[in-house]
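The values are calculated or read from the model by the stated rules, or taken from the named source; none is laboratory data. The shown structure was predicted, so the numbers you read here are calculated from the model rather than taken from an experiment. When we count neighbours, we look across all protein chains shown, and the Cβ atoms used for this are built from the backbone with ideal geometry, even at glycine. Keep in mind that these areas ignore ligands, DNA and RNA; they rest on the heavy atoms of the full protein, side chains included. Shrake-Rupley method; radii C 1.70, N 1.55, O 1.52, S 1.80 Å.
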Amino acid sequence: MISAHEPGTSVVHRAPVGAKLLALFALAAAVFVLGSPLWLGVLCGVVLLGYALARIPARRWLRTARALLILAVFVFALQWWLLGAQAALVVCLRLVTALAAANLVTLTTPVDDVVSAVERWARPLRRFGVRPESVGLLVGLTMQAVATLSGIAREVREAAKARGAERSVTAFAVPFLVRTLRHADELGEALAARGAGDR
Amino acid sequence: MPDVPAPRVSLPAADLARTVVFAAFIAVLGIFPGIYLGGSGVPIVIQNAGPLLAGAILGARRGTASVVLLLALVAIGLPLLSGGRGGLAPFVGPSGGFLFGWIASALVTGLIVQRAERPGLPVLLMATTAGLAVDYAIGIPFLGAYTGDLGAAAVQSLVFLPGDAGKVVAAAVIAAVVHRALPGTLARPAVHGE
Amino acid sequence: MIEFSRVGHRFGDRVVLSDVELTLPERRVAFVGANGSGKSTLARMINGLVLPDDGKVLVDGLDPAKDGRKVRKHVGFVFTNPDSQIVMPTAGEDVAFSLRGSGLSKAERARRAAEVLAEYGLDGYAEHPAHQLSGGQKQLLALCAMLVLDPAVLVCDEPTTLLDLRNKRRFAELLGTLRQQVVLVTHDLDLLDGFDRVVVLDGGRVVADDEPEPALRYYRKLAE
Ligand SMILES: Nc1ncnc2c1ncn2[C@@H]1O[C@H](COP(=O)(O)OP(=O)(O)OP(=O)(O)O)[C@@H](O)[C@H]1O
Ligand SMILES: [Mg+2]
């Protein structure tokens, strides 16, 4: 499955999904509450340390860093103009710290791990009729639907082109949506015929 | 549907399929490059029209569910946002509030559309406008919390207003045509049983 | 045995089936008729995807209106468009998906899936991306996904429409070998060799119901 995950065996990779998410939420909260550039700088340093610990290869973080830098420079310039230098620095540090931390969690956590963690957390909800194993099913079904709809989108665009209407929003969106809904109905019938949704 | 005779319960499978397929639809709006709006030569991202369409076409319950499903898949790391973005970063970034706002967007749009017997263009326009407004109502304060200045956040967001206004109109027009092409989409139980 | 007694159905105010009275104990039954004559609607009633507005359907004594779940376990359904029936990324996972509620372990489900795939001509395709199969293979996969549950009845709604001549013939031969009772909806009259009974629908009514040869003769005359 395509994802942003970067395989590895470091402490960060091996840390439980729940712990990583908790840490991220705590950090995000701290970043919002703290207003001093000094403390924000420290937090930012901690996150960068996490990258070092996780031994994320340069080709991965270079790309992220470049994107982040461009964003930060842009935001800094804008905020400086609107609010002054000190405020601009605070905003930029917040931005870089929060984004880098969130990205680190995503980089070091495979989708499958998150899915099984969520399935585990959902287990107590069983008595309310929630079926934990349907989490993985939802992921699979949606990714499958993305593949199918991408194919439909391509066909519809070609058809619009063939009619010389590639610039028309409705000539693309309406047939695309109609076929999307038809696909949904057919998928619903196929799922029902295979016992999905029956309890 | 005008006169549905016997009480028909739609199967969970039909609901599930609609939700899943529409989540995928919003994702494809972001993945699929080069959708040209109007006469401009620049392909623009129309993914944020997705939640409006979800609410306007599927109604509040399934529309909101599909947006929640999409955002959940993004959060666990699947690159389903425009530009191949995924993971937790988009949610904690400065425009994260606009993402959370999608949920309210689909909900509000759907609730308004559902009130109409036969959703025509005026109702749909009102619904998608309200949908965008709640997205802004959540997104701007979030951005403001980031920058520490709500006013500046609002001013910055104005840049997107013309484009988003275009999407609001487009979503309403498209939804109107779809509702005429497939009457009963809001309520139709696609599959019967139980 | 499939029984329709005085079955009627409407979509909105359009009557699509009226007064259908059929008792079908035969192993190979076909529904034929013009576009919009109500074949698919009638076929969908066999597993409760559509419930009749009037009358009653019974499948081996089960009533889809009351026992939707049991009926769907009892009746497999193959649709026209294989793309819409595939729900999982690989062929093996897709077949195994049908076994979700079976209580088998994951490994066992995968093994059963591979067995069924091998049995119906998709040997070695368990790991193959399902959407990269050919049209005929996809339709075989849809069939496998049903047969892995070993239903007593198999309903196929124009399963060969999107297939080429060779795949169509293979699919038809396969249908001939199944131990299930088969109900086939089709416009391809060549598939009906070896069928026991052909029901001709027109405007939502049964207009002929006989062995293939006389029924098809009637149907051809109707079309002229
Ligand atoms: N979901 C629906 N809503 C409204 N009308 C429907 C629906 N499904 C079918 N119909 C109508 O019911 C009638 C019978 O449709 P059905 O699909 O059973 O025909 P069919 O014999 O299978 O035709 P075909 O050979 O084209 O597949 C048609 O007039 C069709 O327009
Ligand atoms: Mg049909």
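Of the helices (runs of 4 or more DSSP H) lying entirely inside the stretch A:5-55, the ones with 2 or more residues being without any contact (Cβ under 8 Å) to a residue 24 or more places away in the chain and either assigned by TED's automatic domain parsing to the domain that holds A:LEU89 or under 13 Å from A:LEU107 (Cα atoms) (or both) are found at A:17-33, A:37-54.
Of all residues assigned to the stretch C:189-198, at least one qualifies as being touching an Asp or Glu at 6+ places or on another chain (Cβ under 7 Å) and away from ligand 1 (no atom under 16 Å from the Cβ). When C:GLY135, C:GLY68, C:GLY61, C:GLY76 are screened for being more than 16 Å from ligand 2 (Cβ to nearest atom), within 23 Å of A:HIS183 (Cα to Cα) and more than 11 Å from chain A (Cβ to nearest Cβ), only C:GLY135 passes. Per this entry, C:ARG28 is not counted among residues that are more than 10 Å from ligand 2 (Cβ to nearest atom) and open to solvent by 50 Å² or more (accessible area, probe 1.4 Å). Evaluate the stretch C:85-93: report whether one residue or more is modelled with pLDDT under 90 and within 16 Å of ligand 1 (Cβ to nearest atom). No: the stretch C:85-93 contains no residue that is modelled with pLDDT under 90 and within 16 Å of ligand 1 (Cβ to nearest atom).
Filtering the stretch A:84-100 to residues that are surrounded by fewer than 17 Cβ atoms within 10 Å (Cβ to Cβ) and assigned to a helix (DSSP H, G or I) leaves A:ALA85, A:GLN86, A:LEU89.
Scanning the stretch C:176-224 for residues that are touching a strand residue (DSSP E or B) at 6+ places or on another chain (Cβ under 9 Å), farther than 17 Å from C:LYS39 by Cβ and at pLDDT below 90 yields C:GLY176, C:GLY194. Criterion applied to A:ALA192, A:ALA160, A:ALA196 was being modelled with pLDDT under 85 and part of a helix (DSSP H, G or I), and the one residue passing it is A:ALA160. Within the span defined as the stretch A:56-72, every residue fails to be assigned to a helix (DSSP H, G or I), open to solvent by 70 Å² or more (accessible area, probe 1.4 Å) and within 10 Å of chain B (Cβ to nearest Cβ).
One residue is enough: does the stretch B:100-116 have a residue meeting the conditions within 16 Å of ligand 1 (Cβ to nearest atom), out of contact with any strand residue (DSSP E or B) (no Cβ under 9 Å at 6 or more places or on another chain) and either under 30 Å from C:ASP13 (Cβ atoms) or within 13 Å of another protein chain (Cβ to nearest Cβ) (or both)? No: the stretch B:100-116 contains no residue that is within 16 Å of ligand 1 (Cβ to nearest atom), out of contact with any strand residue (DSSP E or B) (no Cβ under 9 Å at 6 or more places or on another chain) and either under 30 Å from C:ASP13 (Cβ atoms) or within 13 Å of another protein chain (Cβ to nearest Cβ) (or both). Scanning the stretch C:36-49 for residues that are in a loop (DSSP other than H, G, I, E, B) and either more than 12 Å from C:VAL71 (Cα to Cα) or away from ligand 2 (no atom under 13 Å from the Cβ) (or both) returns C:GLY36, C:SER37, C:GLY38, C:ILE46, C:ASN47, C:GLY48. Taken over the stretch C:138-162, the residue count meeting the criterion of being within 16 Å of ligand 2 (Cβ to nearest atom) and surrounded by fewer than 24 Cβ atoms within 10 Å (Cβ to Cβ) is 4. Of the helices (runs of 4 or more DSSP H) lying entirely inside the stretch B:41-113, those carrying at least 1 residues that are among the β-branched types (Val, Ile, Thr) and more than 11 Å from the chain's Cα centre (by Cα) are B:60-75, B:89-92.
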